[in-house]
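Worksheet: the structure to be examined is printed underneath.
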Amino acid sequence: MQCLSPIFERNPRYAFVAKQLMEPERFLQFRVPWLDDTGVIRMNRGFRIQYNSALGPYQGSLHFGSHINSGSIKSFGFDTVFSNGLTGYSIGAAVGGSDINPFDKSEAEIQRFCQSYMTELVKYVGPDVDLPTMGMGVGQKELGYMYGQYKRINLKSSSDGKPFLSSSASNASGVGVVHFANEMLKDRGDTLKGKRCLIIGAGKVARSVASKLLEFGAIPLTFSDSSGHVYEPDGFDEAKLKTIDKIKDERGALLGRYIIASTTAMFNDPEQMLDISCDLCFPCAAMNNITKEAAIRLADNGCKGIIEGGSSTVTDDARKVIKKRGLMYGPHTLTLTGCAVHHHIGSHASDDQFAKEIARIYRDTKNTAQEFHARGDLYTGATITGFLRVANAMLAHGAV
């Protein structure tokens, strides 16, 4: 919120809107009972925060993980307000999820859990009302189970020919991240070709980032998970990436298994992943993954830019280091708009159409930053652009 102060100085009425925006429109919390494979009843908490609908129907990700609680859901929801507003589309902001750990459960347990979760959530979501999308721990399988349960309960399961809870956007977030990186480099008279890229994480976003980097001629060097990191000194090619996909598509599988399939890979060597020399870093894992110390280490090892592929992976202190050291920085508010873009233009749109939309959003962000005397600060530009679009709509609606 601190970067919104220039708006308040120009027009104080926006300060009241910002205060109003701090409070979500609706916050749902409910219990999710389900049976495990031994017949024991388990219980988890389910959440859905429908944060703001000033611009249109709610839309936002679902996250499964033991780190999910009411605080993290509210934080994600608040970020989504700016991110969805930034796109310029008629979509509101929502986020949901549960505190279940999906990686130590069987496929049957996950199916029963997703069906129980949707049985409660179905009262509040639907076409033209609230569109949940994929997030951390929620992929095509989980979304498919939820869609199946939704269809059992509701007659209407699509809008304008688009199926509700479609999983066709599985790679959109990662592809969007790389397109934004490409736009940022083009602004500096550079390209992704030949760039050595450090990828933190091994989820669906991290792997789609790697796949798209290969298309641009870049060199993905690493993946990581709870077991450690794998490093290919000459980079991952398509065949090696398929091996990673095969391993990580198996629920709960760890990256260490990749060593068996590669004669050139190094596992946890060097001990610190950030000691690997790179041109760009794509953190696609946990929140606050890039701390002040991590940003300093990356800069010292020759990294020229950090582009977020996960929510809030860079801390506030790390941002100050990035700015001070002159590193290129792509904030998640900007880079994670790929899923919203995909849903808007449709699954049949070409990559060129997708790239044009990304370029438009990037230009809007850059121009706003320049207008508010923060030239080159995409974090400020993205936050202000998203806020103004939502705030202007809220002002037009009155006291609601």
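The values are calculated or read from the model by the stated rules, or taken from the named source; none is laboratory data. In this text the structure is predicted, and so the values were computed from the model without any measurement. Heads up, the Cβs are rebuilt from the backbone with ideal geometry, glycines too, and the neighbour counts pull from every protein chain shown. Only protein heavy atoms, including side chains, enter the accessible area calculation; ligands, DNA and RNA are left aside. Shrake-Rupley method; radii C 1.70, N 1.55, O 1.52, S 1.80 Å.
Tabulated data for the structure shown
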quantity	calculated
When residues of segment 69-104 are limited to those that are within 16 Å of the chain's Cα centre (by Cα) and charged (D, E, K, R), the one most open to solvent (accessible area, probe 1.4 Å)	K74
Enumeration of residues in segment 249-276 that are open to solvent by less than 70 Å² (accessible area, probe 1.4 Å), in contact with a strand residue (DSSP E or B) (Cβ under 8 Å, 6 or more places away or on another chain), under 27 Å from K141 (Cα atoms) and of a type outside the set (V, I, T)	L255, G256, Y258
Close pairs (6 angstrom Cβ cut-off, 6 or more residues apart or separate chains): more than 14 Å from F64 (Cα to Cα) in segment 25-53, β-branched (V, I, T) and surrounded by 14 or more Cβ atoms within 10 Å (Cβ to Cβ) anywhere	F27/I49; I49/I73; I49/V95; Y51/V81; N52/V81
Identity of the residue in segment 313-334, under 19 Å from M184 (Cα atoms) and small (G, A, S), that ends up modelled with the lowest pLDDT	G326
Residue in segment 295-302 that is in a loop (DSSP other than H, G, I, E, B) and either open to solvent by 60 Å² or more (accessible area, probe 1.4 Å) or of a type outside the set (F, W, Y) (or both) present	yes
Number of positions in segment 211-228 that are surrounded by 18 or more Cβ atoms within 10 Å (Cβ to Cβ) and among the small types (G, A, S)	3
In segment 386-400, residue least open to solvent (accessible area, probe 1.4 Å) [restricted to those that are part of a helix (DSSP H, G or I) and over 16 Å from F8 (Cβ atoms)]	A393
Considering residues of segment 277-294 that are closer than 14 Å to G235 by Cα and open to solvent by 30 Å² or more (accessible area, probe 1.4 Å) only, the residue nearest to the chain's Cα centre (by Cα)	D279
Some residue of segment 216-223 being modelled with pLDDT of 95 or more, over 27 Å from G376 (Cα atoms) and in contact with a helix residue (DSSP H, G or I) (Cβ under 9 Å, 6 or more places away or on another chain)	yes
Residue match in segment 87-96 (condition: closer than 20 Å to V205 by Cβ, modelled with pLDDT of 95 or more, part of a helix (DSSP H, G or I) and in contact with a helix residue (DSSP H, G or I) (Cβ under 9 Å, 6 or more places away or on another chain))	yes
Residues (among the β-branched types (V, I, T) and at pLDDT below 95) located in segment 338-379	V341, I345
Criterion violated by S208 - all others in (1) under 26 Å from E250 (Cα atoms); (2) open to solvent by 10 Å² or more (accessible area, probe 1.4 Å); (3) of a type in the set (S, T, Y) satisfied	(2)
Where a residue in segment 339-357 is touching a residue at least 24 places away in the same chain (Cβ under 8 Å) and its partner, wherever it lies, is outside any helix (DSSP H, G or I) and of a type in the set (A, V, I, L, M), with Cβ under 7 Å and at least six apart	C339/A169; A340/I91; H342/A169; H343/A169
Residue within segment 35-51 that is among the small types (G, A, S) and under 22 Å from the mean Cα position of the chain (by Cα) present	yes
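Per-residue answers, yes or no, for (1) in contact (Cβ under 8 Å) with a residue 24 or more places away in the chain; (2) open to solvent by 50 Å² or more (accessible area, probe 1.4 Å):
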{"site": "Y117", "(1), (2)": "yes, no"}
{"site": "D128", "(1), (2)": "yes, yes"}
{"site": "K151", "(1), (2)": "no, yes"}
{"site": "S170", "(1), (2)": "yes, no"}
{"site": "V178", "(1), (2)": "yes, no"}
{"site": "T191", "(1), (2)": "yes, yes"}
{"site": "R196", "(1), (2)": "yes, yes"}
{"site": "V230", "(1), (2)": "yes, no"}
